[in-house]
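Participant: Below is one structure. I have some questions about it.
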Amino acid sequence: MPGGVVTGSVSDAARIRADEYWLIARAGDDIPGISRHPELAPSPALFARYLREWKDCDPATWWPRYRRVFLDELSSPPQIAALRTLYRLALRGKTIALLCWCREPAFCHRSLVSDFLFRHGVEVREHLPPQLQISFPPVSSTRS
C-alpha cells in the first residue's frame, strides 16, 4: 500500500506492515516500537461507560450512542490535530497502523477513526488475522 492506514488489533501488530505504529488506546501497557496516541481513543468517561453499561450487551443496543459520542469527541482540537497528522503522513506515502485492544473492528472506535480518514481520501484497510482471511481460487481466463 503506497501510504494510508491499516487498522488492527495490537495482538496482530507483528503481522502488519507499516512505517509507523500508533496505539490509539488509553489503557494497557506501552509497547516498544508503538507510539501511544490517546487523543484518538475514547474519552475516559466514554470508555468507563462502555465497561460499566455496554461491554457484555448486544452492540445493536449501544453502538449508535457510542458512535455519536465518539464522533463528537473527534471534533475537538486535539483530536482534529491528530487526524490531520495522520492525513498528512498518509498523503506523503507513509503507512500508519492504527492499533487498539479490540479484536472485532465492527464495534470499535478504530473503525470510526478510519472511516473519517477514508471519507477524506485516505486509503484505509483493516488487517485481518490469518484465521479470518479468505482466498478464492483463481478464475479461469478461458470461456466455455
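Participant: In segment 97-106, is there at least one residue being at negative phi, part of a helix (DSSP H, G or I), at pLDDT below 95 and within 14 Å of the chain's Cα centre (by Cα)? Show your work before the answer.
Facilitator: Pass one, segment 97-106, residues at negative phi: 97-106.
Among the residues that remain, those that are also part of a helix (DSSP H, G or I) are: 105-106.
Then keep just the ones that are at pLDDT below 95; that gives 105-106.
Now drop any that are not within 14 Å of the chain's Cα centre (by Cα), which leaves 105-106.
Yes, there is a match, as at least one residue in segment 97-106 is at negative phi, part of a helix (DSSP H, G or I), at pLDDT below 95 and within 14 Å of the chain's Cα centre (by Cα).
Participant: Further, regarding this structure: Hey, could you check segment 20-48 for residues that are touching a helix residue (DSSP H, G or I) at 6+ places or on another chain (Cβ under 8 Å) and charged (D, E, K, R) and say which is surrounded by the most Cβ atoms within 10 Å (Cβ to Cβ)? First the steps, then the outcome.
Facilitator: Initially, segment 20-48 is screened for residues touching a helix residue (DSSP H, G or I) at 6+ places or on another chain (Cβ under 8 Å), giving 20-28, 31, 34, 37, 39-43, 46.
So of that shortlist, the ones also charged (D, E, K, R) come out as 20, 26, 39.
On the way: GLU20: 14, ARG26: 15, GLU39: 18.
Selected residue: GLU39.
Participant: For the condition in contact (Cβ under 8 Å) with a residue 60 or more places away in the chain and out of contact with any Pro (no Cβ under 9 Å at 6 or more places or on another chain), what is the one hit in LEU40, LEU51, LEU23?
Facilitator: Details: LEU51 fails: in contact (Cβ under 8 Å) with a residue 60 or more places away in the chain; LEU23 fails: out of contact with any Pro (no Cβ under 9 Å at 6 or more places or on another chain).
Testing whether each residue is in contact (Cβ under 8 Å) with a residue 60 or more places away in the chain and out of contact with any Pro (no Cβ under 9 Å at 6 or more places or on another chain) leaves just LEU40.
Per-residue answers, yes or no, for (1) in contact (Cβ under 8 Å) with a residue 12 or more places away in the chain; (2) in contact with a Phe, Trp or Tyr (Cβ under 9 Å, 6 or more places away or on another chain); (3) under 17 Å from GLU126 (Cα atoms):
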{"position": "GLY8", "(1), (2), (3)": "yes, no, yes"}
{"position": "PRO44", "(1), (2), (3)": "yes, no, no"}
{"position": "ASP58", "(1), (2), (3)": "no, no, no"}
{"position": "TRP62", "(1), (2), (3)": "yes, yes, no"}
{"position": "TYR66", "(1), (2), (3)": "yes, yes, no"}
{"position": "ALA81", "(1), (2), (3)": "yes, no, no"}
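Participant: All but one of (1) on the phi < 0 side of the Ramachandran plot; (2) under 17 Å from the mean Cα position of the chain (by Cα) hold for TRP54, so report the exception by its number.
Facilitator: (2)
The values are calculated or read from the model by the stated rules, or taken from the named source; none is laboratory data. What you are looking at is a predicted structure, and each value in this text was computed from that prediction instead of being measured. Virtual Cβ from ideal backbone geometry, glycine too; neighbours counted across all protein chains shown.
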